[in-house]
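Structure, as structure tokens:
The values are calculated or read from the model by the stated rules, or taken from the named source; none is laboratory data. Keep in mind that this is a model prediction, so the values were computed, not measured. Every residue, glycine as well, gets a Cβ built from its backbone with ideal geometry; the counts of neighbours run over all protein chains shown. Just so you know, the surface numbers come from the protein's heavy atoms only, side chains and all, with ligands and any DNA or RNA stripped out. Shrake-Rupley method; radii C 1.70, N 1.55, O 1.52, S 1.80 Å.
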Amino acid sequence: MMLYESVARLRESVFFLAERLTFGFNFCMKEYLLYVVAAVCCAGGNSLFAADSKKTDVENPYGVCAHLSRSEFDIAPDEIRLMREAGIGGFRTDFDWSAVENKNGELDFSRWDKLVEYSKEGGVEVLPIISGSVPARMRPFPHHPDEFAEAYGKAVARYKGKIKFWEIVNEPDHISFWGGLEPNPAEYSVLLKKTSEAVRKNNPDAVVLYGGVSGIPFEFIEETLKRGCGKYFDIMNVHPYNWGGIQEGVLIPRIERLRALMKKYGIGDKPIWITEFGYFSSDINPCLKAYIKRAVEKLGVDTSKTTVCYLGDDKYNFFSDAFTGSVKRIFPNAKKYKRITFDKLGKLSPEKYPVLYLGGNESYPYEFIEPLYNYVRDGGIAVHSGGLPFYFNTKLDKDGNTMRCGGDRSTMKIFRLSSKTWNDADMKFVKPALGNTRPYRQAILKKESGKGFEDIKPDGFYHGRLYVSGDAAGPEDKFEPFLYAVFGDKKIPIGATLKYGGDMKGAFVAIFTSGGENATEEVQGKMIPREYILARAAGVERVYKYNFRSFEANHMRESHFGIVHKNLEPKPAYIAYKTLTKMLGTAVPKYEKVGVFHTASWTRADGTPVFAVWTGMYKRGVSISFEGEVKSVSDYLGKEVSYRASGGKVRLTADGGVVYIEGIRNAKVGK
């Protein structure tokens, strides 16, 4: 490459960096410098590691995770049939060596053989996860890389010509999937190298996936690339969940940063897959609403006779009626509900609207702390239902995209609130007393209702990480716990009411550990096409939805990720997925944000141009100019949408569900 071309590329990267410095989600400046470093490393065409990119020949970009090799084996043919009917081309499942090798060392591949047969008959490709579930002789598996590689090499040899893709361990950066050990990129590098060599030795045509990492842990990934791991996989693989909010303004910059990191180490041409992705449709902790209702009543408000307000603002991606404790689930019997945007918060009257629901959001735009404080000061009741309130500051960049900044517990003290975590010096007794060894499922085993709430049974799951504290309360305030975690002779508040005194008239009702996020089936369905369109627009080659079938064992999110019910009855998410595969096909869309609207456009393989439009969550009228002819307008479920078209413009109502318009080209949303 000539010098002026190298300089030009570097110059473009610097400008790209400048534009992105305020863009993203919980990013810091040192992380953005990666773009410049990548440009410098790649400008002259010199790679730190040479690695050929193996052709993947992916014909169908749609996948789904399913536990077909485990508990769902008996209904695997039925699930595969439903996948195929939805246009899904691949399913991902665990190949547990512990299910093949018995205590005598004898091998039985019959279940895997049958599943591979089902896959072929159903026309849906299987992606096996080379799993960390292994016999006792190989535990913990990260410390037995040679035995691990040898065992799975036999599986690869057995299915040569039948299975093309192999993923080496699920979420190796997560303690729950790393043999119970602290995740270690150096150890994963060794395991990846040895297992990849075994895979390729037994099938040179096999395609190796990097272990699908939880989120996109850039430091973990880079540490493995520093150790030369770019030569030992063909596909980069991540799990960039964002179930507490929306993916717009978050996913694409994260994938761009991942691509820049890959370029830095000379593997920028390798495909990126997402092998877990998605939203759930779980309900709230069953007794959460009872505690909050009673707490508000004890403050003198009957919600069945008043309007409950809630914060919902798609400008700031803040939805306390969607992902984190939907207001209608927390206050099911309210007389009415009123959505409040942040710019209207300063005019909210505590006398007319005595209850404001904040949701379970840990983010909050600090520029609106003062009007919220004034509302509570003047007599309003603020209700928070999970996580640490005000932990992150939400800001807007120059393009109107949200970014989450900061991260500490100090802002709570403005409202005279404080918290305890299991990492605090005086809380070290907590972790050993919790149930379940998986960190994100460590549950408080014994709960107890507070005074005046004794008739409410504290059933359900409560995570053991966060606790409410009255340490910051003023001398005239009244801190009243209504739910405790019990550890021997110690009782630590999980939920409490802070009734202010002195200069403040209102109250704050808070449960920091509510038992998990939740969303409705409608919201889950609406998010499916949004995630896939963004991922494909970012250049992701294949995307797997987690999960296909819901367990429906309890109210927690893990039981409700599926797009079909336990009995295989389709949920709205299944219909949305089926509609997406038809509307998008194999096209790579172009995504754009215009004000509060999100848009995408593409041309399908049959030559049909398609334009898609949606909002963050709420309904808004939109006018779209276009060329061509409107052939159909349908929503995310494939249902017809009412519209008016004339003079090269189409007018309709958009919301959080994607609207597809077939037949129009060069479409633009009017500003």
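Show me 604-610, 225-231, 377-383 ranked by packing, highest mean number of other Cβ atoms within 10 Å first.
In descending order of packing, they fall as 377-383, 225-231, 604-610.
Would you mind computing, in nm to one decimal, how far apart the modelled labels at residue 486 and residue 603 are, each placed 7 Å from Cα along Cα→Cβ?
Using points 7 Å along Cα→Cβ, the separation is 6.9 nm.
Accessible area of region 230-352 with a 1.4 Å probe: how many percent of it is carbon plus sulfur?
After summing per-atom areas, the C and S share lands at 44 percent.
Which order do the peptides 637-646, 101-110, 280-289, 411-420 come out in when sorted by mean C-beta neighbours inside 10 angstrom, highest first?
280-289, 411-420, 637-646, 101-110
With angles folded into 0 to 90 degrees, how steeply does helix 185-202 sit against the dominant principal axis of the chain? Use alpha carbons for both and round to 10.
Tilt relative to the chain: about 40 degrees.
Quick one: helix 288-298 against the long Cα principal axis of the chain, what's the angle to the nearest 10°, folded into 0 to 90?
With both axes taken from Cα atoms, the answer is about 20 degrees.
Apply the Karplus curve 6.51 cos²θ - 1.76 cosθ + 1.60, θ = phi - 60°, to the phi angles in region 156-162 and return the couplings in whole Hz, x for Gly and Pro.
So the Karplus estimates, Gly and Pro as x, are 4, 4, 5, 10, 4, x, 10 Hz.
Determine the sum of side-chain charges near residue 546: Lys and Arg each +1, Asp and Glu each -1, restricted to other residues whose C-beta is under 12 angstrom from that of residue 546.
0
For residue 147 and residue 231, what is the calculated FRET efficiency with R₀ set at 22 Å and r taken between the beta-carbons, to the nearest 0.05?
0.45
Find the all-direction average of the projected area of the Cα convex hull for the chain, expressing the result in square nanometres with one decimal place.
Taking a quarter of the hull surface, the average projection is 31.7 nm².
Taking square-rooted eigenvalues a ≥ b ≥ c of the alpha carbon gyration tensor, is region 289-339 rounded, prolate or oblate, where a/c under 1.5 means rounded and, failing that, a/b exceeding b/c means prolate?
Verdict is prolate for region 289-339.
How far is helix 251-264 tilted off the main Cα axis of the chain, in degrees rounded to 10, range 0 to 90?
Once rounded, one gets 40 degrees.
Just for the chain, what percent of DSSP beta bridges are antiparallel, to the closest 5?
Among the beta bridges of the chain, antiparallel pairing accounts for roughly 60 percent.
Quick check: convex hull over the Cα atoms of region 516-564, volume per residue in Å³, rounded to an integer?
Taking only Cα atoms, region 516-564 has a hull volume of 77 Å³ per residue.
Classify region 533-663 as rounded, prolate or oblate from the Cα gyration tensor: take a ≥ b ≥ c as the square roots of its eigenvalues, call it rounded if a/c is under 1.5, otherwise prolate when a/b beats b/c and oblate if not.
It is prolate, given that a/c is not under 1.5 and a/b is the larger ratio.
At a 1.4 Å probe, what is the % contribution of carbon and sulfur to the accessible area of region 487-621?
Looking at region 487-621 in its full context, I get 49 percent from C and S.
Decide, for region 410-467, between rounded, prolate and oblate: order the square roots of the alpha carbon gyration tensor eigenvalues as a ≥ b ≥ c, take rounded if a/c falls under 1.5, and otherwise choose prolate if a/b is larger than b/c, else oblate.
Judged from the Cα gyration tensor, region 410-467 comes out oblate (a/c at least 1.5, b/c at or above a/b).
Let's see if you can work this out: charge +1 on each Lys and Arg Cβ, -1 on each Asp and Glu Cβ, no other charges. What is the dipole magnitude of region 204-317 about its Cα centre, in debye to the nearest 20?
Roughly 280 debye, rounded to the nearest 20.
With unit charges on the beta carbon (Lys/Arg positive, Asp/Glu negative), name the residue among 292, 279, 250 whose Cα is farthest towards the positive pole of the charge dipole of region 211-352.
With unit charges placed on the Cβ atoms, the residue in question is 292.
Would you mind checking which residues have amide H under 5 Å from residue 215's amide H? H placed 1.01 Å from N; only 5 or more apart, or other chain.
239, 241
Under 5 Å between amide H atoms, partner at least 5 residues away or on a different chain: which partners does residue 494 have, H built in plane at 1.01 Å?
468, 483, 484, 485
May I ask you to evaluate 6.51 cos²θ - 1.76 cosθ + 1.60, the Karplus curve with θ = phi - 60°, for each residue of region 229-235 and list the ³J(HN,Hα) values in order in whole Hz, giving x for glycine and proline?
6, x, 7, 10, 8, 9, 9
Across region 458-464, in residue order, what do the Karplus-derived ³J(HN,Hα) couplings come to in whole Hz, using 6.51 cos²θ - 1.76 cosθ + 1.60 with θ = phi - 60° and x for Gly and Pro?
x, 6, x, 8, 10, 5, x
Quick query: amide H of residue 477 versus all other amide H atoms, modeled in the peptide plane; which residues come in under 5 Å with a sequence gap of 5 or more or a different chain?
Amide H to amide H, under 5 Å and 5 or more residues apart or across chains, residue 477 pairs with 501.
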